[in-house]
Amino acid sequence: MRVPFGASHGIGHSLGAVTGMSHGYTSCIMLPHVMRVNYQRTNTTQVLIAEAMGSKKEAPDAVAELVQALGLPSRLSQLSVKPESIDAIVAGAIDNLWVRTNPEPINDARQLHELLIKAW
């Protein structure tokens, strides 16, 4: 069975192409932010994720804490991504299949731009 990857994965494709960032780092940074965007549509699953992690916090915060505990980057700015790169990242991500099939629709560049600013 194939699982839809969502916007974190799709944005990661563009982040890698524009900045050379490894996909593992893009996931560390973007996943908690995208989980927050998707929370209303995926809250039942996210509750299970938090429980499986042994956390009393919401899943996005539990994932962010795990990333931090592992000493991995949690902000785009930690990897020297320049704010002026965000438009290029958005342009590369907006038509990505995984961004387009994200549980919470992401239909325009403004939404992606705001998400990347939060992750910066």
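The numbers here are math on the coordinates, done by the rules we state, and not lab data. Quick caveat: nothing in here was measured; it's all calculated off a predicted structure. When we count neighbours, we look across all protein chains shown, and the Cβ atoms used for this are built from the backbone with ideal geometry, even at glycine.
Overview of values
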read-out	value
Loop-resident sites, segment 1-44, for trypsin sites (Lys or Arg not before Pro), counting at most 11 other Cβ within 10 Å (DSSP)	Arg2
Extent along principal axes [Cα atoms of the chain; Å; largest to smallest]	38, 30, 26
Packing-based order for 101-108, 11-18, 45-52, using average beta carbon neighbours within 10 Å, highest first	11-18, 101-108, 45-52
Rounded to the nearest 20 debye, dipole of the chain from Cβ charges on Lys, Arg, Asp, Glu	120
For a label point 7 Å along the Cα-to-beta-carbon line of Ala88, residues of segment 15-31 with backbone N under 16 Å	15-22
